[in-house]
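Presented below is the structure to which this report refers.
The values are calculated or read from the model by the stated rules, or taken from the named source; none is laboratory data. From a predicted model like this one, the values you see are computed outputs, not experimental measurements. FYI the Cβ positions are ideal-geometry reconstructions off the backbone, even for glycines, and counts take in every protein chain you see.
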Amino acid sequence: MNLKIFYLLGFINNYSGGFSAKDGIFQRFSFTEDFEISDHKMAVFKKVVTLCEQLLLETAMENDIRIDYFENQKGSILYSRNIVQLLDNAVKSKSFFIDRNYFLLNEDLFEKFERWDQNSYSYQQRIQFLNGVMDSNASDNTLYFYNDYKKCLLAHSVLCCFADEEDQIIMESFFKTPYVNTIRINKDGHIWSIIKDHS
């Protein structure tokens, strides 16, 4: 399976109309942060579009990507039924959709972890997934999951795969609207260095 799929699975955010298999939406993007256009968010958006284009090319599927901008270019929706289909096919035997709309992913998505072989497929699967999660959910060393406890748990599990003695992974839940789970990792640990080395 193409490793870019794991990045895209990690990137998916179901909150507030994010991913929709029914409508062929891969993701809805907001480019604003503190009411200003964020260069970082724009760069992540361009990265995701490029990865989607590369994935379609590498899998010999038609490039059916369509991007609709809204609110005077403050956000966009990335449509691609072929990307949605690739993701659906990738997880069909290992996970499932709810109402053909939302992914419920678990650790069965990955091969058995080979911690000491950074070139192994199982290691790279998790790195790519984690890169997607970081680009979608992170602000510095804290990850935010809005109404997405399952993704939070899977991200926590993947982080634990790379943890060493000096690492701290702190998960908290805030019962407000929206329901928010956070994961914070320390910057002087092994996990943070791996994230930086592979980002």
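Remarks
- Filtered by the rule that a residue be closer than 16 Å to Ala90 by Cα and among the β-branched types (Val, Ile, Thr), the range 122-139 gives no residues.
- The range 11-54 - residue that is in contact with a strand residue (DSSP E or B) (Cβ under 8 Å, 6 or more places away or on another chain) and assigned to a strand (DSSP E or B) and, of those, surrounded by the most Cβ atoms within 10 Å (Cβ to Cβ): Phe26
- Inter-residue pairs, beta-carbon under 8 Å, first over 15 Å from Asp188 (Cα atoms) and in the range 147-169, second among the acidic types (Asp, Glu) and surrounded by fewer than 17 Cβ atoms within 10 Å (Cβ to Cβ), 6+ apart: Leu154/Glu107; Ser157/Glu107
- Single residue of the range 137-153 satisfying the filter (touching a helix residue (DSSP H, G or I) at 6+ places or on another chain (Cβ under 7 Å) and buried (at least 23 other Cβ atoms within 10 Å of the Cβ)) that is farthest from Phe174 (Cα to Cα): Leu143
- For the range 158-192, the set of residues classified as hydroxyl-bearing (Ser, Thr, Tyr) and modelled with pLDDT of 95 or more consists of Ser173, Thr182, listed by residue number.
- Summed over the range 173-199, residues that are in contact (Cβ under 8 Å) with a residue 12 or more places away in the chain and either outside any strand (DSSP E or B) or of a type in the set (D, E, K, R) (or both) total 14.
- Residues that are on the phi > 0 side of the Ramachandran plot and not hydroxyl-bearing (Ser, Thr, Tyr) within the range 2-25 comprise Gly17, Gly24, listed in sequence order.
- Qualifying residues in the range 55-76 (those that are in contact with a strand residue (DSSP E or B) (Cβ under 6 Å, 6 or more places away or on another chain) and within 19 Å of Ile12 (Cβ to Cβ)) - the one surrounded by the most Cβ atoms within 10 Å (Cβ to Cβ): Ser76
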